[in-house]
1. Which one of these is modelled with pLDDT of 95 or more and of a type outside the set (F, W, Y): I60, I20, I41, I77?
2. State whether the residues of the range 105-117 include one that is at pLDDT 90 or above, surrounded by fewer than 16 Cβ atoms within 10 Å (Cβ to Cβ) and in contact with a helix residue (DSSP H, G or I) (Cβ under 9 Å, 6 or more places away or on another chain).
3. Can you tell me which residue within the range 24-48, out of those that are assigned to a helix (DSSP H, G or I) and among the polar types (S, T, N, Q), is surrounded by the fewest Cβ atoms within 10 Å (Cβ to Cβ)?
4. Which one of the conditions (1) under 16 Å from A101 (Cα atoms); (2) surrounded by 14 or more Cβ atoms within 10 Å (Cβ to Cβ); (3) not aliphatic (A, V, I, L, M) does E56 fail to meet, given that it meets all the rest?
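The values are calculated or read from the model by the stated rules, or taken from the named source; none is laboratory data. Because the structure is a prediction, the values reported are computed rather than measured. Note that each Cβ is placed from the backbone with ideal geometry, even for glycine, and that neighbours are counted across all protein chains shown.
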Amino acid sequence: MNETKRSAKRSVKDSVLREIRNSVLIVEDNQIVAQIEEEVIKSLGVDVFVARTGPEAVDIFIENMNKISVVILDFAIPGMHASQLVARLRGLKENLKLILASGYQEQDIFADLSPHDVDGFIPKPFEIRTFVLMLNEAIQETRQ
């Protein structure tokens, strides 16, 4: 990797690290995707919780509500419709930042879920840099 790329990578990482003081909850039933997301977030020095189902996400969130400031949520998760999970989590913590990550088309998702219910959308597959920048933006908004 050349010096310019290393410097840019450090810059993004440093920016994220300055802003993140809380944890992220990943709600993803695909083990490989969840593992990639978890590794990227942990590489930034952030604590991560991972849930594979909607009910598990609610349980983890309730137990760690004071730590979790951002949830990265797959649209199609077992055990609970995404709109139900969004409503439940928002009911527990109104200022929670929710990022929807999905391989479905955006218009299909927002036929079932209002764009106002989530704070961001990232289509899968996504580039790591795009993922990190969206995460950084969500974290910064929790600081305002």
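1. From the options I60, I20, I41, I77, the qualifying one is I60.
2. Within the range 105-117, not a single residue is at pLDDT 90 or above, surrounded by fewer than 16 Cβ atoms within 10 Å (Cβ to Cβ) and in contact with a helix residue (DSSP H, G or I) (Cβ under 9 Å, 6 or more places away or on another chain).
3. Q31
4. Looking at each condition in turn, E56 falls short on (1).
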